[in-house]
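Quick note: the coordinates plus some simple rules give every number you see, no bench work behind them. This is a predicted model, so every value here is computed, not measured. Quick reminder, even Gly has a Cβ in these numbers, built from the backbone with ideal geometry, and neighbours come from all protein chains shown.
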Amino acid sequence: MTEAMQIEIENLKCGGCEKSILKGLATMVEISDVVVDHEHKLVSFSGDKSVRDAVVNKLRSMGYPEKGALSGIDAGLATAKSFVSCAIGRVS
């Protein structure tokens, strides 16, 4: 059953980040209606509830972990990844 979901994420800073997230999540055919709200640091999408963890993992791999999911060195690494994703989003 398809339902609307939201994930509050960290490291979302600008339109470059937003563009990278949209491009990264576009590869996930299991979801649709992806919207990134960088002002509120939210990613909204529609899909089966079982795909939520896969979306969280994809976002984490890009440097945008779910809010509160990482700490310490892991959070620092995610921040570094997000800067790379952001830069790529700005130039693509």
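Brief remarks on what is shown
- Listed by number, the DSSP H helices of the chain that run 20 Å or longer by alpha-carbon position along their axis and have mean Kyte hydropathy of at least 0.0 are 72-91.
- For SER32 and SER61, the difference between the fully extended length at 0.36 nm per residue and the C-alpha to C-alpha distance is 8.5 nm.
- Ellipticity estimate at 222 nm from DSSP helix runs (n ≥ 4, -39,500 (n - 2.57)) divided over the chain, nearest 500: -14500 deg cm²/dmol
- Under the Debye formula (equal points on every Cα, no solvent term), log10 I(q)/I(0) of the chain at q = 0.22, 0.24 Å⁻¹: -1.06, -1.23
- Normalised contact order of the stretch 2-91, rounded percent, pairs of Cα under 8 Å and 6 or more residues apart: 40
- Separation of the stretch 44-92 and the stretch 1-27, taken as the distance between their Cα centroids, equals 8 angstrom.
- Neighbour-count order for PHE45, PHE83, fewest beta carbons within 10 angstrom listed first: PHE83, PHE45
- Choice from ILE73, ILE31, ILE21 showing the highest fluctuation, given a GNM over the chain with Cα pairs closer than 10 Å: ILE73
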